[in-house]
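What follows is one structure encoded as structure tokens, with my remarks underneath.
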Amino acid sequence: MFSYSVQHWATFLAAAFLLNMSPGPDMAYILANTVRGGRRSGFAAMLGIWTGAMGHVAFAAVGLSALLVASATAFSVVKYAGAAYLAWLGIQALRSRGAFSLEEAGPSRATTSGIFAHGMLVNLLNPKVAIFFLAFLPQFVVPGAGPVSAQLALHGVLLIASSVFVEPPLVLLGDRISNGLRGNVRFRQWLDRGLGAFLILIGLRLAVSER
């Protein structure tokens, strides 16, 4: 089981590294929380994103992600739910005047738990992430190397695991750069405005996205 060539692993790991280095909503969400709340918030956001991504890997491995591709209704339901959730978070941030907390905007009492939960939901409620995994992972399925579902799960988990070389250092760097600015009320206000605008923007992009 799981018999692959060196060339296979070299190709996959190179693709995984480049994908993790590419800026996107997940990385921006992690950085935004790091700048605003420090490394603890940044790591909570990162773990939330990873957990959501693991959900998509599981969906892809058992074939549920195919439903989002095949069914316009399923895709639309998930898409609009995710867009509405992001827009609501963005509005809360814009109205906060520098006091926005994901603790207040969500069901969790602990700030880091709230950030984790929001990161997970932001990822899970994005059908384009599901479609990405469904399109990307099968490229590395090798006939005879093992059950297809197991191969999909293996490469999905390794894709997420490879981000450990990119995102934790990014959190630490972001925390170091912004550490001296968090006590500034005006800086926090601009952070909240930027975070709010970013959340609304990716919500709108999700709402108008096509399968």
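Coordinate-derived values only; no laboratory data. Predicted model, so just to flag it, every value in this text is computed and none were measured. Positions of Cβ are backbone-derived with ideal geometry, glycine not excepted, and every protein chain shown enters the neighbour counts.
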Worksheet item: For A28 and Q139, what is the calculated FRET efficiency with R₀ set at 35 Å and r taken between the beta-carbons, to the nearest 0.05?
Response: 0.85
Response to the item:
Plugging the Cβ-Cβ distance of S113 and L172 into 1/(1 + (r/R0)^6) at R0 = 35 Å yields, to the nearest 0.05, a FRET efficiency of 0.95
Worksheet item: Between S3 and A150, how many nm apart are label points set 7 Å from Cα along the C-beta direction?
Response: 1.3 nm
